[in-house]
Amino acid sequence: MTIKGVILAAGIGSRLRPITDAKPKCLVRVAGVTILEHQLRAYAAAGVREVVVVAGYHAEQVAEACQRVPGVRVELLCNTRYASTNNMYSLYMAREYVADHPFILGNGDVVFDPSILVDLVGLGDGNWIAADRGSYAQESMKITVSGEERITDISKTIAAKAAYGNSIDLYRFSAAGSRALFTCIRDIIETQGRLKEWTEVGLQAMLRADTLPVRPFDIRGRSWVEIDNYDDLSLADRRFSTFWLRLSTKKVFFVDLDGTVYLGDRPILGAVEWIGAQRAAGVRCFFLSNNSSRSKKDYVSKLSRLGIPATESDIVLSTDGVIEYLHRRGLRNVFVLGTGALRRSLEEAAIGVNQGTIECVVVGYDTELTYEKLARAALLLQKGVEFVSTHRDIVCPTPDGPIPDVGSLLALLETATGRRPSAVFGKPHPEMIAHVLRSQGVGPDDIAIIGDRLYTDFAMAEQVGCDFVLVLSGETRREDVEGRDAQPALIVPSVADIRAE
């Protein structure tokens, strides 16, 4: 008799809001792939061809997602009472498909190594609970096991000393075990009218009464994460990323500064040590910044104060592209809406600043902004002079929160003059790092871009065609990346977490 699968995926996942405001928990992405798709792929790899998915919250989205995984035929059921019932009720809805039939049961909020399911299917007849022996998590179901290797209890409240390990919410039932389980569940739901129970409540009653023989399947050493909250999601993103398979091939990292290496004058925790470790391993680190308010000398000095030795050749700024553009266009005199550091960088490149007949307005991040400077820039733009910008970042991250950056100034000038810059430099434009790739003799497969912004750092990586590592230490929140079709190769809390487990 062929074995079937059941995935209980009706829940909301309220602890993952706001991600789950518009999608069910089973469709939250882990390492770029939805939890449901991870599980369906695992069933396909294990040779299980028929899977029942019980949805509820946003069931229409689950229905669409089930069609995207080849190799399995999905029967979708909808628990319309998902808000007032629990997963036992969802399982009871699948009784006509799997009662009296061997099946694998799992909750739709766990990502696990597919080999676990392959081996669970291959165990042969009997009842089994996949458990991580020796592990103990407060939120997880735990099991106890007798000397005869039979499970005697399952509960979240089992003490650490008594626990065999965590259940990973993956169960195998024989045809006889299925029949007994559904008999118990029918009594709880139909006779007792208890609709808000966990499936494990019924299973616990049978284990304690010794009416269902169940054995533990030890999966220790293999990866799994039950995803209840953001901490779980962060762990799963790291644990199931395929980036680790490519990490050892990377020769160069392009590392964003603001929000990635530091916030204001404070280094991100662990960033200094991480950069030192990469250099010790022979990986070259270049530092990228769209922030044109400082010169390369300023950045070298700042990094040194933070404990990161650097030279000007390690720094790649958006200003570099502006200078090359002005020279190529023969624009000798410019008005700079920016800091003294930006003005000096242009002057050192033999470009006249704020003198003579102005041919171009250059807008950069200006921490010395005055209304007089804004007014002059607006008047020049209305006269038709050329208009360029060092970058278009909307905000700059600080320890106290985001503050206006160049993109905000550009929006102001566009509102006042109707003009947009004819050229914008810095990230996400791949030309910003093209000369470094040439000098280092590397290509897209040899590098990774690491940063905290989707519309600059990630956009540049997409245009270059290389891996992107998103750090959540700056501007971007985890929910911001959830709805994107393209996903980062890796999502981590900070650069310090870019290390293989």
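The values are calculated or read from the model by the stated rules, or taken from the named source; none is laboratory data. All figures in this text were calculated on a predicted structure; none of them were measured in a lab. Here the Cβ is made from the backbone with ideal geometry for all residues, glycine too, and neighbour counts use every protein chain on show. Calculation scope for accessible area: heavy atoms of the full protein, side chains included, ligands and nucleic acids excluded. Shrake-Rupley method; radii C 1.70, N 1.55, O 1.52, S 1.80 Å.
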For segment 292-374, which fully contained strands (runs of 3 or more DSSP E) count at least 1 residues that are at pLDDT 90 or above and farther than 27 Å from V395 by Cβ?
333-337
Restricted to segment 347-377 and to residues being touching an Asp or Glu at 6+ places or on another chain (Cβ under 8 Å) and open to solvent by less than 60 Å² (accessible area, probe 1.4 Å), the residue nearest to A459 (Cα to Cα) is Y365
Has segment 83-102 got any residue that is without any contact (Cβ under 8 Å) to a residue 60 or more places away in the chain and of a type in the set (S, T, N, Q)?
no
Whether any residue in segment 148-171 is open to solvent by 20 Å² or more (accessible area, probe 1.4 Å), over 36 Å from the mean Cα position of the chain (by Cα) and within 20 Å of V98 (Cβ to Cβ) is what I want to check.
no
Going by the structure shown, is V69 assigned to a strand (DSSP E or B) and either among the β-branched types (V, I, T) or in contact (Cβ under 8 Å) with a residue 60 or more places away in the chain (or both)?
no
Tell me the residue from I351, I394 that is in contact with a Lys or Arg (Cβ under 8 Å, 6 or more places away or on another chain) and hydrophobic (A, V, I, L, M, F, W, C), please.
I351
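Determine whether D237 is closer than 27 Å to I403 by Cα, of a type in the set (D, E) and surrounded by 22 or more Cβ atoms within 10 Å (Cβ to Cβ). Even if it seems obvious, please write down each step before you answer.
Numbers: closer than 27 Å to I403 by Cα: no; of a type in the set (D, E): yes; surrounded by 22 or more Cβ atoms within 10 Å (Cβ to Cβ): yes.
Here the answer is no, as D237 does not meet what is asked.
Residue-by-condition table, conditions (1) under 27 Å from G122 (Cα atoms); (2) modelled with pLDDT under 95:
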| residue | (1), (2) |
| --- | --- |
| A31 | no, yes |
| L36 | yes, no |
| Q39 | yes, no |
| V53 | yes, no |
| H58 | no, no |
| E64 | no, yes |
| T80 | no, yes |
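Residues that are farther than 28 Å from D480 by Cβ: find the helices (runs of 4 or more DSSP H) completely inside segment 176-286 holding 3 or more of those. If you could, list the steps in order and put the result at the bottom.
Numbers: elements: 199-208, 230-239, 244-247, 271-280.
Qualifying helices (runs of 4 or more DSSP H): 199-208, 271-280.
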Taking only pairs six or more apart or across chains, which ones have beta-carbon atoms under 8 Å, a first residue in segment 201-212 that is within 17 Å of E148 (Cβ to Cβ), and a second residue that is part of a loop (DSSP other than H, G, I, E, B)?
M206/L212; L207/V214; L212/N127
Can you run down the residue pairs with Cβ atoms below 9 Å, 6 or more apart or on separate chains, where the first is in segment 179-195 and open to solvent by less than 70 Å² (accessible area, probe 1.4 Å) and the partner is among the polar types (S, T, N, Q) and part of a helix (DSSP H, G or I)?
L181/T199; I185/T199
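Can you go through D237, D218, D228 and tell me which one is touching a helix residue (DSSP H, G or I) at 6+ places or on another chain (Cβ under 7 Å) and touching a residue at least 24 places away in the same chain (Cβ under 8 Å)?
On the way: D237 fails: touching a helix residue (DSSP H, G or I) at 6+ places or on another chain (Cβ under 7 Å); D218 fails: touching a helix residue (DSSP H, G or I) at 6+ places or on another chain (Cβ under 7 Å).
One residue alone meets the criteria, D228.
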Could you grab me the full set of residues in segment 110-136 that are under 27 Å from the mean Cα position of the chain (by Cα), open to solvent by less than 60 Å² (accessible area, probe 1.4 Å) and free of Cβ contacts under 8 Å to residues at least 40 places away in the same chain?
none
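One line per residue, one yes/no per condition, for (1) closer than 24 Å to E200 by Cα; (2) touching a helix residue (DSSP H, G or I) at 6+ places or on another chain (Cβ under 7 Å); (3) open to solvent by 10 Å² or more (accessible area, probe 1.4 Å):
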{"residue": "A31", "(1), (2), (3)": "no, yes, yes"}
{"residue": "V53", "(1), (2), (3)": "yes, yes, no"}
{"residue": "N79", "(1), (2), (3)": "yes, yes, no"}
{"residue": "A94", "(1), (2), (3)": "yes, no, no"}
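Assess whether E386 counts as being over 25 Å from I268 (Cβ atoms), charged (D, E, K, R) and out of contact with any strand residue (DSSP E or B) (no Cβ under 9 Å at 6 or more places or on another chain).
Numbers: over 25 Å from I268 (Cβ atoms): yes; charged (D, E, K, R): yes; out of contact with any strand residue (DSSP E or B) (no Cβ under 9 Å at 6 or more places or on another chain): no.
For E386, the condition - over 25 Å from I268 (Cβ atoms), charged (D, E, K, R) and out of contact with any strand residue (DSSP E or B) (no Cβ under 9 Å at 6 or more places or on another chain) - is not met.
Restricting segment 81-92 to residues that are among the small types (G, A, S) and part of a loop (DSSP other than H, G, I, E, B), which is least open to solvent (accessible area, probe 1.4 Å)?
S84
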Residue satisfying condition, being buried (at least 16 other Cβ atoms within 10 Å of the Cβ), more than 35 Å from the chain's Cα centre (by Cα) and either on the phi > 0 side of the Ramachandran plot or small (G, A, S) (or both), within set A271, A341:
A341
For N166, work out the one condition from (1) part of a helix (DSSP H, G or I); (2) in contact with a Lys or Arg (Cβ under 8 Å, 6 or more places away or on another chain); (3) not β-branched (V, I, T) it doesn't fulfil.
(1)
